[in-house]
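Since the structure comes first, as structure tokens, the remarks are kept for the end.
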Amino acid sequence: MSPEELQAAIAVANEINLEVYYYWCTAVMILIHAGFMMYEMGASRVKHTLAAGTKNILAFAYMIPTFWMFGWWIYLAMTNGFVPDFEAGAAGVPWGENMGPNMQDNASGVFWGAFTLFACTTASIMSGAVIERIRMTAFIILAVILGSVVWILAASWSWHYAGWMVTEWGYHDFGASGLVHMVSGFFALGVLIHLGPRIGKFNADGSANVIRGHSLPMTMVGLMLIVVGFFGFLGGCLIFPGTSVSWYATEWANIYGMPTTLSTICFNTLMGVAGGMIGAYMKTRDPFWMMSGALCGIISVASGMDLYYPGLTFVLAFVGGIVGPISAQLFEKFGIDDAVGAVSVHGTCGILGVLFAGIFLGGYPQFSDSIPTITFGGQFKGMIVMFLLGFVPGFVFGWLFKVLGILRASDGVQEVGMDVEVEAMAYPEDIKTN
Amino acid sequence: MFNSSPIDSWEGAGVIYSFAGSGITDFWFWIAVICCIVPLYFALRTENHHENQHKFRSDDSDSTHGVER
């Protein structure tokens, strides 16, 4: 074999390895969705269980075709803001050469697949907050707006080497604390304001009642599945080396072109999960929040986890694990009934994640000298953009669906149980666990 | 039945999906869009049916939107 032939063989092997890597990242990410489904079904009362699960599965099902139809195009075309770059977006049009089987393109399908699963995650984040009273159709449409439009617009601005938040502010959000978690958490908040609380959540004097789900063990297993899925999610945030779409021949890179390693992500994913669990357990001694603390922890460090010292990751995640449940109590005091604390876990801890990167990651060189370095100011401005990008569409569409009368199930349906709308019963024996 | 192949040979093949390069892909695209929208109509119809059947709480017809009386 000549050196040229050997080089060509290595190049082919690298392309195939890239394909295999993202293919399995995508498969592992499906566990996030399975986990959220169990988490939400367990957090529902018996009479709402299957409605919560069905809602989650349908969000998954709707995200896939809609992300193929327009989501991926938005990512490629909208890096400048609200004005599309049709030339850049050409590779994402659903009737184009790259958006289907193509022997010369091993990358588009697996990148699209990984991003589709990111989109599914955003819908799952919202779905937990609104269980036990949102109507199915409204939820599906809201999920599509969030997953196939809103978050991917945020990703185009801030999770793309040419995104304007990156090129103008040096915004750094490796693991998507802002562009996935903040956007989804505050989108959910906008919807919740119009959706209103579950029947019986608040007393006439404004005090809140605890509404316990029917299966905390199911919720805990679900959250462990989400933790497993995070390895696919965060692994999928890296760019594979040595291929035609890679930043470097021999080094992994983050999405901004800064070199990193898979080992880095392993260190900090595990340390983030552990710090969050322990912090939340110390704050609450509650199994539900201990497990949600894993998410609080990982989200609180996700923006900068490609660069943090693992000891720092653990401490920041520990703080996130404490802040998450405190934030949930505060939202409840303001009359927001967030059934699983999604606004706090993803929104509030997402804010922490974005700002922590601004505080602790100064001085790192960027891929190009033309890109500003990471600063607190850049991260703070990015945090404001992510809040608005999530909250405003959630609030507006929540209002619209409320006006149309399709947002909230009637009190009668809630009393009978949302499962009546999916015409099924989770437990035919009609067991009562609470 | 349909001759949908965009290639004559696998040698140097690029795009290989069925009907590639023809306007027929547009047709399937729009059918796919319709397949996403139509189920929402049926879902809404089912919801409305159950909403009408269980419109009010058993103890009181006055909705309080979550505030326990």
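The values are calculated or read from the model by the stated rules, or taken from the named source; none is laboratory data. All values derive from a computational prediction rather than experimental measurement. So basically every Cβ, Gly included, is an ideal-geometry build from the backbone, and we count neighbours across all protein chains shown.
Residues that are in contact (Cβ under 8 Å) with a residue 60 or more places away in the chain, in contact with a His (Cβ under 8 Å, 6 or more places away or on another chain) and either surrounded by fewer than 20 Cβ atoms within 10 Å (Cβ to Cβ) or assigned to a helix (DSSP H, G or I) (or both): does segment A:276-298 have at least one? Yes; the residues of segment A:276-298 include at least one that is in contact (Cβ under 8 Å) with a residue 60 or more places away in the chain, in contact with a His (Cβ under 8 Å, 6 or more places away or on another chain) and either surrounded by fewer than 20 Cβ atoms within 10 Å (Cβ to Cβ) or assigned to a helix (DSSP H, G or I) (or both).
Given the structure, is residue A:248 surrounded by fewer than 17 Cβ atoms within 10 Å (Cβ to Cβ) and aromatic (Phe, Trp, Tyr)? When the stated conditions are applied, residue A:248 passes them.
Is there a residue in segment A:185-196 that is within 14 Å of chain B (Cβ to nearest Cβ), surrounded by fewer than 24 Cβ atoms within 10 Å (Cβ to Cβ) and not in a helix (DSSP H, G or I)?
yes
Just to verify a result, which residue in segment B:36-61, among those that are assigned to a loop (DSSP other than H, G, I, E, B) and out of contact with any Gly (no Cβ under 8 Å at 6 or more places or on another chain), is modelled with the lowest pLDDT? It comes out as B:61.
Can you say whether residue A:273 is out of contact with any Ser or Thr (no Cβ under 8 Å at 6 or more places or on another chain) and free of Cβ contacts under 8 Å to residues at least 60 places away in the same chain, as far as the supplied structure shows?
When the stated conditions are applied, residue A:273 passes them.
For segment A:141-173, the set of residues classified as surrounded by fewer than 24 Cβ atoms within 10 Å (Cβ to Cβ), part of a helix (DSSP H, G or I) and over 16 Å from the mean Cα position of the chain (by Cα) consists of A:141, A:164, A:167, A:168, A:169, listed by residue number. For the residues A:384, A:374, the requirement of being under 24 Å from residue A:163 (Cβ atoms) and free of Cβ contacts under 8 Å to residues at least 12 places away in the same chain singles out A:384. Taking the conditions (1) within 26 Å of residue A:47 (Cα to Cα); (2) more than 14 Å from every other protein chain (Cβ to nearest Cβ); (3) among the charged types (D, E, K, R) in turn, residue A:173 satisfies each one other than (1). Among (1) within 21 Å of residue A:183 (Cα to Cα); (2) touching a residue at least 40 places away in the same chain (Cβ under 8 Å); (3) out of contact with any Ser or Thr (no Cβ under 8 Å at 6 or more places or on another chain), there is one condition residue A:313 misses while meeting the rest; what is its number? Going through (1) within 21 Å of residue A:183 (Cα to Cα); (2) touching a residue at least 40 places away in the same chain (Cβ under 8 Å); (3) out of contact with any Ser or Thr (no Cβ under 8 Å at 6 or more places or on another chain) one by one, residue A:313 breaks only (1). Scan segment A:296-316 and give yes if some residue there is under 20 Å from residue A:36 (Cβ atoms) and more than 16 Å from the chain's Cα centre (by Cα), otherwise no. No, every residue in segment A:296-316 fails to be under 20 Å from residue A:36 (Cβ atoms) and more than 16 Å from the chain's Cα centre (by Cα). Restricted to segment A:73-111, and to residues there that are within 14 Å of chain B (Cβ to nearest Cβ) and among the aromatic types (Phe, Trp, Tyr), the residue that is surrounded by the fewest Cβ atoms within 10 Å (Cβ to Cβ) is A:95.
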